[in-house]
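Visitor: Below is the structure I would like to discuss, written out as structure tokens.
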Amino acid sequence: MSAHLLHLDFFRFLDALTPERDPWEVYEEYYLSPNRAALEAWWDQCLGLPRAAWAERVRAVRPEHYGLLREVVREADLASLAEEVLPRCAAWAPLSPPPEVYYLVGFFSPDAFTFEVEGRRAIGIGLERFGRLDLLPVMLAHEYAHCYRRSLRRPRTLRDRMVDEGFAVALSGRVFPDRPEADHLLMRQSRLRALREYESRLWRAIRPHLDSDDEKLIGRILYGRSRDRMWASRAGVYLGWRAVQDFQARRGAGFEAPAREVLPDPARED
């Protein structure tokens, strides 16, 4: 396993900006060209926008917007963190070869994600919105679990995705058992309390959609991505975790079970 510190080249790009040069030209020289395979994979797989939009965003960059990020990562040993966390994950869910880890600075990329770089499994950490790093170990474990599950089968339906999220929460809980449940769910404690309160109602709303492969619907249910706020934030992640909890309590199973074993029809009995 290797950790790639692409964000350091991004800072070099910021430091090299001058009024006389096109920012895109500077970006290519200092950031894109040295890291082309990873950055093009990130752009295509995570954002999926035209390349022209990439140049537009680069030309809108303001170095002063990254002052906090510089402070946050200045004393952090991000490479050692990845090298510590991933072997702990492999003790529960062995994966060979282990995923590479890429720390990068993008434009509205997910905080943590899985992608492929030149055909190899990888974990990406989009640092642009990080104001602190306390949840980073949990995020690395969470994404490792996604790499592991996706090495077994590709998730297609809402049911698949909920179970994958549930196993990711469960794995980070095994690796970091002293962290509160809300940390592993990547949500505030108040959000967790609300989801617990409405759990039965949420199951009734979600059951009819379990076999849907509509990506927009899946995103709304898992993460609450909708302007109308019809679905509570991360409701699908929470319910997937609850299904995995129940399954592992009954079966003592690991992290490779098919989704229909974990979340059969009917999904749950209230």
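The values are calculated or read from the model by the stated rules, or taken from the named source; none is laboratory data. Since the structure is predicted, the reported quantities are computational estimates derived from the model, not experimental observations. Cβ sites come from the backbone with ideal geometry, for glycine too, and all protein chains shown count toward neighbours. We work out accessible area using only protein heavy atoms, side chains counted, and drop any ligands, DNA or RNA first. Shrake-Rupley method; radii C 1.70, N 1.55, O 1.52, S 1.80 Å.
Visitor: Put a dot 7 Å past each Cα toward the Cβ at Arg204 and Leu217; how far apart are the dots in nm?
Guide: 2.0
Visitor: Taking 0.36 nm per intervening residue step and subtracting the Cα-Cα distance, what contour gain separates Arg129 from Leu49 on full extension?
Guide: 26.8 nm
Visitor: Same structure, new question: Go through [x] 18.6; [y] 24.7; [z] 19.7 and flag the label whose value is the computed Kirkwood radius over Cα pairs in Å for this structure.
Guide: Recomputing Kirkwood radius over Cα pairs in Å here picks out [z].
Visitor: Moving to a separate point now. Report Rg/Rh for the range 95-138, rounded to two decimals, where Rg is the Cα radius of gyration and Rh the Kirkwood radius.
Guide: So for the range 95-138, dividing Rg by the Kirkwood Rh gives 1.00.
Visitor: To the nearest 0.05, what FRET efficiency results for Asp15 and Leu68 with a Förster distance of 22 Å applied to their C-beta separation?
Guide: 0.85
Visitor: On the accessible surface of the chain, probed at 1.4 Å, how many percent belong to carbon and sulfur atoms?
Guide: 47
Visitor: So how do His7, His65 rank on accessible area, 1.4 Å probe, biggest first, that is with the largest at the start?
Guide: In descending accessible area the options line up as His65, His7.
Visitor: Next question. Run the numbers for Ala76 and Ser151: contour at 0.36 nm per residue of separation, minus the present Cα-Cα distance, in nm.
Guide: Working it through step by step, the gained length comes to 24.0 nm.
Visitor: Let me ask something else about it. Per residue, how many Å² of accessible area does the chain show with a 1.4 Å probe?
Guide: Roughly 50 Å² per residue, with all protein chains present.
Visitor: By how many degrees, 0 to 90 and rounded to 10, does the Cα axis of helix 6-16 deviate from the longest principal axis of the chain?
Guide: Computed tilt is about 30 degrees.
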